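The values are calculated or read from the model by the stated rules, or taken from the named source; none is laboratory data. Since the structure is predicted, the reported quantities are computational estimates derived from the model, not experimental observations. All Cβ positions, glycine included, derive from the backbone under ideal geometry; neighbour counts span all protein chains shown.
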Amino acid sequence: MQFGLTETQQMLKSAARSFFPSECPMAEVRRLMETDGAYDEGLWQKIAGQGWTGILFDEECGGMGLGLVEMAVAAEEMGRALLPGPYFSTVFVAGALLNALPHSLPNGRDRLKAICEGRARATLALIEESACWETSGVAMALRNGRLSGTKLLVPDAATADLLLCVARSGGEVAVAQVCNSARGITIRRMPSIDRTRQLYSVEFDDVPAEVLARGDQAQAALDRAMDTATVALAAEMVGGMQRIMELSVEYAKTRKQFGKPIGQFQSVQHQCADMLLLTESSRSAAYYAAWALNEGAADARTAVSVAKAYASDAYREVGNRGIQVHGGMGFTWENDIHLYYRRAKASEIAFGDAAFHRDRIARAVIDGRAAQVAALGTSALGTSRNM
């Protein structure tokens, strides 16, 4: 893999660094977080007009046809700007799931094209009372093409046009599409620490649904989509860490105590150095995971879990140190640090917290060793039969 961004990726990063803070400055972020859905149609159309809603998708679907490293580049800049609203759930979650399904499915390309063109927003309804990020926690049944039950912590459900619901059909995992305006759907906002990315409960009362995939096909598409979204979130978290560090260093240079800037005090320098270490380490892990997943590397899923586990802890710690550098100012509503800290806490548990991903890494290691032992046993058995 490349240990630096290519010229094209650098251009993409520069474009994102220029676009998102200018079109959605912190004053606009604060305004949108007070609205239902943290959504603005004008901003959404500007994002779509610049092609950002099609970053993951093929050109034949109206997208830009870029890879996951480019996705990570864009996600980092979105995290730095604290972009509110349904972009993440639409493109990096639901869009990634639709993209992982065969495009030959009825209306498959049309769904992606609608997202690329900014005509549709979507989200994934996965979590239930078990609060499990894997399909083993899904109990909602899909019977005769109809859904009944409740999904929790559904991001941006109020502003989504399409709900992709994970359910069970005859014991198999299934992915079904539902229009959020369908009769029998009740959407209620749930309390959330990050007001720029709102969560909802969605109740289904005998709602008709279109089955997009079931069985192994559905599971494979969900695995791919969840890994893609997790990498995007890890990269977005890196952008938030970067901004906290920038704000803290700037404050340390200008805030004076005892007649000199607090940045000259060694304890403050240590806090800033820790933020730099955590940010750069998270960036390395996130970009390697994006590359490994894009290239189909053998350790791709493990790399995804390493990136998310590290970033989950690191973003929180960078937030802690940023607030300490700012002192009492860091806790005030007028200061932006606490908005990033809220995002850090929400992102920490999204798509599995550090403990979840460390457990997934451990299971992968155990399964890998078991496979090696089985292979060695088969080899030994073959040798003995030839003797």
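General remarks:
One line per residue, one yes/no per condition, for (1) within 20 Å of R119 (Cβ to Cβ); (2) assigned to a loop (DSSP other than H, G, I, E, B); (3) touching a Leu at 6+ places or on another chain (Cβ under 8 Å); (4) of a type in the set (A, V, I, L, M):
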residue	(1), (2), (3), (4)
R17	no, no, no, no
F20	no, no, yes, no
E28	no, no, yes, no
G37	yes, yes, no, no
G42	yes, no, no, no
I47	yes, no, no, yes
M78	no, no, no, yes
T90	yes, no, no, no
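- R109 being buried (at least 16 other Cβ atoms within 10 Å of the Cβ), without any contact (Cβ under 8 Å) to a residue 60 or more places away in the chain and of a type in the set (D, E, K, R): yes
- Residue match in segment 139-146 (condition: of a type in the set (D, E, K, R) and modelled with pLDDT of 95 or more): no
- Residue within segment 16-23 that is small (G, A, S), within 21 Å of the chain's Cα centre (by Cα) and surrounded by fewer than 18 Cβ atoms within 10 Å (Cβ to Cβ) present: no
- For segment 94-135, filtering for residues that are among the aliphatic types (A, V, I, L, M) and in a strand (DSSP E or B) leaves 3.
- Selection status of E236, modelled with pLDDT of 95 or more, buried (at least 16 other Cβ atoms within 10 Å of the Cβ), charged (D, E, K, R) and assigned by TED's automatic domain parsing to the domain that holds G368: yes
- Matching residues, segment 266-283, being surrounded by 14 or more Cβ atoms within 10 Å (Cβ to Cβ) and either over 19 Å from V318 (Cβ atoms) or among the small types (G, A, S) (or both): S281, S282
- G65 in a loop (DSSP other than H, G, I, E, B), surrounded by 15 or more Cβ atoms within 10 Å (Cβ to Cβ) and outside the structural domain of N294 (by TED's automatic domain parsing): no
- Filter result for K253 (in contact with a helix residue (DSSP H, G or I) (Cβ under 6 Å, 6 or more places away or on another chain), loosely packed, with under 15 Cβ neighbours inside 10 Å and either assigned by TED's automatic domain parsing to the domain that holds R360 or not small (G, A, S) (or both)): yes
- Residue match in segment 264-278 (condition: outside any helix (DSSP H, G or I) and not β-branched (V, I, T)): yes
- Qualifying residue in segment 198-211 (condition: under 19 Å from the mean Cα position of the chain (by Cα), assigned to a helix (DSSP H, G or I) and surrounded by 19 or more Cβ atoms within 10 Å (Cβ to Cβ)): no
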